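Student: Here it is, the structure, as structure tokens.
The values are calculated or read from the model by the stated rules, or taken from the named source; none is laboratory data. Just so it is clear, the structure is predicted and the values come from calculations on it, not from any experiment. Virtual Cβ from ideal backbone geometry, glycine too; neighbours counted across all protein chains shown. Keep in mind that these areas ignore ligands, DNA and RNA; they rest on the heavy atoms of the full protein, side chains included. Shrake-Rupley method; radii C 1.70, N 1.55, O 1.52, S 1.80 Å.
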Amino acid sequence: TKLVEHVVDLKTGEVLIETKPMPAIYLGLEREELVAMFDNYMNQLPINERENGLVSYEVESYSVQEVVIKKQYYPSEDYHHFYMIHKNGRIVVYYSDQKTVYDYPDLKLYDLPLDIQCQVIIGMEIKDEVELYNFLQNYSS
């Protein structure tokens, strides 16, 4: 059995088609089990896939000889990679999933200007590492 993967960029319309041997994790799965696995993957999307803009992952066709899957991406230039919030008495920087901790900066909420304190309290989005680094450099003690 071979796996044919169609990777679609919804912004540009570009389609990349790659044929490879069936990964061991998929061997022996029925179509419904494979669909359930992809649904679960989408519900617990890894950070890199979220950042790349994955919007769907589905089985296009299924046979003993070939399984065709389609992954659709809609990359966003405005994607925020980090999220800073005041939680349990300290400032925490999370990755974009807002669950995985990136850093606990040595930064006190009350040392920040009032408008930035308000943003951090409700959750402040930070676009990339450069913006995060600049922010921390400006406000760290």
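Student: Looking at the range 58-101, which of its residues are of a type in the set (S, T, N, Q), open to solvent by 30 Å² or more (accessible area, probe 1.4 Å), in contact with a strand residue (DSSP E or B) (Cβ under 9 Å, 6 or more places away or on another chain) and closer than 30 Å to ASP128 by Cβ?
Tutor: Hits for the range 58-101 are GLN72, GLN98, THR100.
Student: Okay, moving on. Could you count how many residues in the range 121-138 are open to solvent by less than 70 Å² (accessible area, probe 1.4 Å) and more than 19 Å from the chain's Cα centre (by Cα)?
Tutor: 2
Student: Related question: Among the residues of the range 27-73, write down those that are over 20 Å from ILE17 (Cβ atoms), among the β-branched types (Val, Ile, Thr) and within 21 Å of the chain's Cα centre (by Cα).
Tutor: VAL35, ILE47
Student: Can you tell which of ILE17, ILE47 is surrounded by 13 or more Cβ atoms within 10 Å (Cβ to Cβ) and touching a strand residue (DSSP E or B) at 6+ places or on another chain (Cβ under 7 Å)?
Tutor: ILE47
Student: (1) within 30 Å of VAL120 (Cβ to Cβ); (2) over 13 Å from the mean Cα position of the chain (by Cα); (3) of a type outside the set (S, T, N, Q): which one isn't true of TYR94, the others all being true?
Tutor: Against the list (1) within 30 Å of VAL120 (Cβ to Cβ); (2) over 13 Å from the mean Cα position of the chain (by Cα); (3) of a type outside the set (S, T, N, Q), TYR94 comes up short only on (2).
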